[in-house]
Amino acid sequence: MKNGSYDLPPEINSILATDCGSTTTKAILIEKVNGEYRLIVRGEAPTTVEAPFEDVTMGARNAIREVEELTGRHLLSEEGVITPRQADGSGVDIYLSTSSAGGGLQMMVAGVVKNMTAESAQRAALGAGAIVMDVISVDDGRRPHEKIQRIRHLRPDMILLSGGIDGGTITHVVEIAELIAAAEPKPRLGIGFKLPIIYAGNKDARQHIEKTLGDKLDLRIVDNLRPVLEREVLGPAREEIHNLFMEHVMAQAPGYNKLMKWTPIPIMPTPGAVGLIMQATAKKYDISVVGVDIGGATTDVFSVVGEVFNRTVSANLGMSYSISNVLLEAGTANIRRWIPFNIDEADLRNRIRNKMIRPTTIPQTLDELVIEQALSREALRLAFEHHKTLAVGLKGVQKQRTIGDAFDQSSSGESLINLMDLGMLIGSGGVLSHAPRRVQSALMMLDAFLPEGVTTLTVDSIFMMPQLGVLSTVHETAAVEVFEKDCLIWLGTAIAPVGVGREGDDCVTIRGVLPDGTSLSETIKFGAMKHIPLRETDLVELEIHPARGFDVGAGKGHVLKTQVKGGVAGIIIDARGRQPFVLPEDGLQRRKKLLEWFTALEVYPSELLARYAR
């Protein structure tokens, strides 16, 4: 069996996959049971890429040994993972791995125009799983010597250079190449190696680029990212980024040369693999998907809209190491608006600083949990706002305009994210995956993303998405089956009418028949939230009747008939309004409203919420 240029076993029934993270290496064993693929067991161990071990395979072996102990199976030999599976039951059919150890894939991108070719290069790098350290362009406002100094200082793993449409001017892209050549940048890993650079710009400039950069850097040339203004071709550049990640970054990282021999499939950057499983899910259900992974230092947001996949990294927004940046960007007022009790600004700042200097601590009291979840709402909101600025249509493309559009330039580069069309929200990361009550995760995502109409809410319970993403490249069916059944926690369905009304007026009426035969007919007032229990295995046909002036996806005031899926949080009806969503400005009224919503959804224990109401 062949997959591209890789030899695969004729039948894949037993799969071992690892994700070598920056702190923890996670191993999972998947097997075909009664005709379907299921997660059997998982193990984890500290990653060993840094001193004193400096061999990533030690951490991988320790994680796999935990799988061996839990299953009683023999999976490892002196050479590595035993493949294919042996007659005595030892080994597995295939072993796969992803990695973000050693800081993951760090790139610098360059383009001619910041909002056009440089932005396309940024999308290509982010989609391949990179952290983009800087974006250099002709019009970025820096002087040539400042750009040279910045390029020299960064020490990325590789550079992606783009610019110009095919057949257009070559002057500007050659100018950037000359700046890079003058900087003589060195790679982050590997002394004596040339820094890899991918050229994905105007094909007419290739000869000049080769002359300028060929001797100083490891130059790779691929198809233009923007062959014409109206089209973006990211595939060839992303593929070359993956190839170079294997050849250079992985080859220089301690122990990866051994790990690469264990698997027939190239090791993939962790975020790139997460993006693949998001795309496989969107394809299966034929829906738009937005996913988020909120970590201690960074927050990644993924979106799949039609055929377009985008990823952004908010490298300064996280829940431990970067938590003070969340405070800085959001401001205390935006964080305090989600806290249902009065807290002094100095006290809030001190609590946040304590978390930053003790990043591994977890909340010990309800007050601490509420503050942490308030911070997460703002981190998620800011990361999503950042994502929407990059997940846009192509800038510079001419459009037919009416006379009313003549003075409006905003329609160029419109965001691709339409919250009314969003089919599924997937949350991941400790604050979402390990919330004490699952409904807390649902409400954090509702408050941060403000989805509109009808949206399915899910969380990744144990962060298997990277391993399942790399598995999807060789066995999509197995990856999607395990993702649905063993990875995702189905929180339920959110129904959020778009519109603004007066507090207490009718907003939306929900009608249907529940699985036990009970008739459902609920009218929710504007400004309220309602929870209707519905199990994960249940699907219910609903008629959603929005009040005049409100839209749930069929137009203002129009009835929407749809099927909704249950979950641990059931159906959540969010009648708090959209466009805009507004919290009361008065502190007392706002805290009273928060307590009302938390009580309606049973977000926190009622006896503890009662303390805040006093």
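The values are calculated or read from the model by the stated rules, or taken from the named source; none is laboratory data. All values reported here derive from a predicted model rather than from experimental measurement. Cβ: placed from backbone, ideal geometry, glycine included. Neighbour counts: every protein chain shown.
Brief remarks on what is shown
- Selection status of GLY214, small (Gly, Ala, Ser) and touching a residue at least 40 places away in the same chain (Cβ under 8 Å): no
- Test: residue in segment 450-461 that is surrounded by fewer than 21 Cβ atoms within 10 Å (Cβ to Cβ), among the charged types (D, E, K, R) and at negative phi: no
- In segment 551-570, the residues that are closer than 18 Å to ASP421 by Cα and among the aliphatic types (A, V, I, L, M): VAL552, ALA554, VAL559, LEU560, VAL564
- Qualifying residue in segment 124-143 (condition: part of a helix (DSSP H, G or I), touching a helix residue (DSSP H, G or I) at 6+ places or on another chain (Cβ under 9 Å) and either among the acidic types (Asp, Glu) or surrounded by fewer than 22 Cβ atoms within 10 Å (Cβ to Cβ) (or both)): no
- Counting the residues of segment 80-95 that are in contact (Cβ under 8 Å) with a residue 60 or more places away in the chain and either on the phi < 0 side of the Ramachandran plot or not assigned by TED's automatic domain parsing to the domain that holds ALA45 (or both) gives 8.
- Boolean, SER411 is among the small types (Gly, Ala, Ser) and either at pLDDT 90 or above or in contact with a strand residue (DSSP E or B) (Cβ under 7 Å, 6 or more places away or on another chain) (or both): no
- In segment 569-611, the residues that are in contact with a strand residue (DSSP E or B) (Cβ under 6 Å, 6 or more places away or on another chain) and surrounded by fewer than 18 Cβ atoms within 10 Å (Cβ to Cβ): GLN579, ALA600
- Count of segment 103-123 residues which are in a helix (DSSP H, G or I), under 24 Å from PRO466 (Cα atoms) and touching a helix residue (DSSP H, G or I) at 6+ places or on another chain (Cβ under 8 Å): 3
- Filtering segment 233-255 to residues that are aliphatic (A, V, I, L, M) and either part of a helix (DSSP H, G or I) or crowded, with 18+ Cβ neighbours inside 10 Å (or both) leaves LEU234, ALA237, ILE241, LEU244, MET246, VAL249, MET250, ALA251, ALA253.
- Neighbours by Cβ (under 8 Å, 6+ apart or cross-chain): first from segment 592-608, outside the structural domain of LEU446 (by TED's automatic domain parsing); second of a type outside the set (Val, Ile, Thr): none
- Qualifying residues in segment 414-444 (those that are part of a loop (DSSP other than H, G, I, E, B) and farther than 28 Å from VAL552 by Cβ) - the one modelled with the highest pLDDT: PRO436
- Taken over segment 359-408, the criterion of being among the acidic types (Asp, Glu) and either at pLDDT 85 or above or within 30 Å of ARG611 (Cβ to Cβ) (or both) is satisfied by ASP367, GLU368, GLU372, GLU378, GLU385.
- Looking across THR473, THR477, THR518, THR456, one residue alone is within 26 Å of TYR604 (Cβ to Cβ) and either of a type in the set (Ser, Thr, Tyr) or in contact (Cβ under 8 Å) with a residue 40 or more places away in the chain (or both). It is THR456.
- The set of residues in segment 28-71 being within 25 Å of the chain's Cα centre (by Cα), in a strand (DSSP E or B) and aliphatic (A, V, I, L, M) consists of ILE28, LEU29, ILE30, LEU39, VAL41, ALA45.
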